[in-house]
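Comments concern the structure below.
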Amino acid sequence: MGMGEDNRDRIAKRAAQELRSGMVVNLGIGIPTKVADYVPEGIHVVFHAENGILGAGPSPAAGEEDAFLCNAGGFPITIVDGASYCDSSVAFAMIRRGRIDVTILGALEVGERGDLANWIVPGKRVAGIGGAMELAQKAKKVIVLMNHVNRQGESKIKKQCDLPLTARECVDLIITEMAVLEVTEQGLLLKEIMSPYTVEEVVRHTEASLIVPEHITYIP
């Protein structure tokens, strides 16, 4: 159940389909940073970074990195025409005021009611909470990109999260290498399945209960 480069790109590409022109979008570290490389043609969004950039662009080509230009995770980025810089307190004020239309985050676990756990790995030294707590609570839409199971093969989509929560009932959409799941009032709705997986495989690898509709889109 490893997560190859192809899977990471497929997940990012699918997430990019959720973007609409005019949106202000924040990308978390990990798979979400790849979303900037897959914005559909004709869609114009503004990427926001907590360290003070409005107008981040796709990843730079190897050898063309600017040492002074990085995202909140410290990875090199580019900027687009019309981009602006601010200090991080202003960048966070945009988040806290609810000005971010979509945040796309990684996760360690997601609960079936949309609870998010993504800030601590048990037994590991981590830098701290970061911006995820505020983004998860304040963004108008929260999309989680992650692998469906952890390295032990256990489901990361759970009835209830075991890890400390980042925020409760905040996640709207989950995209994994297996499926696209929507958090609804009735529960987790299985919307799409990534080939070559089947409904049975997705259900088997998901600890949370799933609503399986009559018609499901299959992504080749």
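Within segment 168-207, being modelled with pLDDT of 95 or more and small (Gly, Ala, Ser) holds for Ala179, Gly187.
Figure legend. Inter-residue proximity from segment 193-210: first residues farther than 9 Å from Ala179 by Cβ, second residues buried (at least 17 other Cβ atoms within 10 Å of the Cβ) and charged (D, E, K, R), beta-carbon distance below 6 Å, spacing 6+ or different chains. Indicated pairs: Glu207/Lys158; Ala208/Glu112; Ala208/Lys158. Would you check if Asp115 is in contact with a strand residue (DSSP E or B) (Cβ under 6 Å, 6 or more places away or on another chain) and acidic (Asp, Glu)? When the stated conditions are applied, Asp115 does not pass them. Name every residue in segment 33-60 that is surrounded by fewer than 14 Cβ atoms within 10 Å (Cβ to Cβ) and either acidic (Asp, Glu) or touching a Ser or Thr at 6+ places or on another chain (Cβ under 9 Å) (or both), in order of residue number. Answer for segment 33-60, where residues must be surrounded by fewer than 14 Cβ atoms within 10 Å (Cβ to Cβ) and either acidic (Asp, Glu) or touching a Ser or Thr at 6+ places or on another chain (Cβ under 9 Å) (or both): Asp37, Glu41, Gly42, Ile43, His44.
Does segment 12-28 contain any residue that is crowded, with 17+ Cβ neighbours inside 10 Å, at pLDDT below 95 and in a helix (DSSP H, G or I)? No.
Can you confirm whether Ala139 is surrounded by 18 or more Cβ atoms within 10 Å (Cβ to Cβ) and farther than 18 Å from Lys34 by Cα? Criteria met by Ala139.
Is it true that Thr184 is polar (S, T, N, Q), over 23 Å from Ser88 (Cα atoms) and crowded, with 23+ Cβ neighbours inside 10 Å? For Thr184, the condition - polar (S, T, N, Q), over 23 Å from Ser88 (Cα atoms) and crowded, with 23+ Cβ neighbours inside 10 Å - is not met. Give Gly73, Gly98, Gly153 a once-over and let me know the one that is at pLDDT 90 or above and within 30 Å of Gly22 (Cβ to Cβ). Every option except Gly98 fails the conditions. Taking (1) among the polar types (S, T, N, Q); (2) within 23 Å of Arg168 (Cα to Cα); (3) surrounded by fewer than 20 Cβ atoms within 10 Å (Cβ to Cβ) in turn, Thr103 satisfies each apart from (3). Identify, by number, the condition in (1) surrounded by 17 or more Cβ atoms within 10 Å (Cβ to Cβ); (2) on the phi > 0 side of the Ramachandran plot that Glu109 doesn't meet. Evaluating Glu109 over (1) surrounded by 17 or more Cβ atoms within 10 Å (Cβ to Cβ); (2) on the phi > 0 side of the Ramachandran plot leaves (2) as the failure. Among the residues of segment 115-150, those that are in contact with a Cys (Cβ under 6 Å, 6 or more places away or on another chain) and either part of a loop (DSSP other than H, G, I, E, B) or within 15 Å of Val180 (Cα to Cα) (or both) comprise Asp115, Val142. Among the residues of segment 174-187, those identified as under 17 Å from the mean Cα position of the chain (by Cα) and not in a loop (DSSP other than H, G, I, E, B) are Ile174, Ile175, Ala179, Val180, Leu181, Glu182, Val183. For Val121, the criteria (1) closer than 30 Å to Arg97 by Cβ; (2) aliphatic (A, V, I, L, M); (3) surrounded by fewer than 13 Cβ atoms within 10 Å (Cβ to Cβ) hold in every case but one, which is (1). Going by what's in this entry, would Phe68 be described as aromatic (Phe, Trp, Tyr), over 13 Å from the mean Cα position of the chain (by Cα) and either within 21 Å of Ala167 (Cα to Cα) or assigned to a loop (DSSP other than H, G, I, E, B) (or both)? The answer is yes for Phe68.
The values are calculated or read from the model by the stated rules, or taken from the named source; none is laboratory data. If you're wondering where the values come from, they're calculated on a predicted model, not measured in any experiment. Virtual Cβ from ideal backbone geometry, glycine too; neighbours counted across all protein chains shown.
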